[in-house]
Amino acid sequence: MEFKSNFKVYYEDTDSGGVVYYANYLKFLERARTDAITSLNFSNKNLIEKFGIYIIVKSCNLNFRKPAKLEDNLNIISKVLEVKNVSIRMKQHIFVNDSMIVEAEILLASVDEKGKPSKLPVEFKSQLIKWLF
């Protein structure tokens with residue numbers, strides 16, 4: 001299963017040439033993951049308040065194929081590849097029209113308020129497992 005998000009590139013996302021600044025792709029990907037979690041009837045705030053866990057990025061690998069530009073409409077597809085006790089591995093692709101411009105592999109970890117690994121809540125983990133590709 002996959003989750004789809006759409007975002008528009010605003011002036012604040014670009015450099016002086018109207019090209020998206022590379023670090024802003026991480027923001028777009030984060031927003032898409034946040035929307036995906038919300039679609040499962042969870043939220044980052046809910047995971048913190050109810051379960052005492054934070055979902056953090058442990059590692060990410062991005063491959064930039066083409067730049068996005070001012071006022072482009074970005075389509076982001078997010079897929080869960082693997083769910084373990086304290087981690088989630090995802091694949092995300094950013095498209096402009098039908099052209100893939102960025103591919104990313106993200107490893108997320110579940111940690112407690114002290115930053116120590118903490119098991120994913122059973123309810124959340126079961127929802128993520130339904131997303132496995």
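The values are calculated or read from the model by the stated rules, or taken from the named source; none is laboratory data. Model, not experiment: these values are computed from the prediction. Positions of Cβ are backbone-derived with ideal geometry, glycine not excepted, and every protein chain shown enters the neighbour counts. Ligands, DNA and RNA are excluded from the accessible area calculation, which covers all protein heavy atoms including side chains. Shrake-Rupley method; radii C 1.70, N 1.55, O 1.52, S 1.80 Å.
The number of residues in region 31-47 being closer than 29 Å to Ser99 by Cα, open to solvent by 30 Å² or more (accessible area, probe 1.4 Å) and touching a strand residue (DSSP E or B) at 6+ places or on another chain (Cβ under 7 Å) comes to 3. Does Ala36 meet the test of being modelled with pLDDT of 95 or more and small (Gly, Ala, Ser)? It is false that Ala36 is modelled with pLDDT of 95 or more and small (Gly, Ala, Ser).
Only one entry in Glu12, Glu2, Glu71, Glu103 is over 16 Å from Lys125 (Cβ atoms), at pLDDT below 95 and not hydroxyl-bearing (Ser, Thr, Tyr), namely Glu2.
Could you go through region 100-118 and let me know if any residue there is open to solvent by 40 Å² or more (accessible area, probe 1.4 Å) and among the polar types (S, T, N, Q). No, every residue in region 100-118 fails to be open to solvent by 40 Å² or more (accessible area, probe 1.4 Å) and among the polar types (S, T, N, Q). Name the residue that is most open to solvent (accessible area, probe 1.4 Å), counting only residues in region 20-30 that are within 17 Å of Glu105 (Cα to Cα) and aromatic (Phe, Trp, Tyr). Only one residue fits best here, namely Tyr22. Contact map, region 20-45: first residue within 20 Å of Lys8 (Cα to Cα), second residue among the basic types (Lys, Arg) and open to solvent by 30 Å² or more (accessible area, probe 1.4 Å), Cβ cut-off under 8 Å, separation 6 or more or different chains; pairs are Val20/Lys69.
One line per residue, one yes/no per condition, for (1) in a loop (DSSP other than H, G, I, E, B); (2) within 21 Å of Lys130 (Cα to Cα); (3) open to solvent by 50 Å² or more (accessible area, probe 1.4 Å); (4) polar (S, T, N, Q):
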site: Glu49; (1), (2), (3), (4): no, no, yes, no
site: Ile55; (1), (2), (3), (4): no, yes, no, no
site: Leu74; (1), (2), (3), (4): no, no, no, no
site: Glu82; (1), (2), (3), (4): no, yes, yes, no
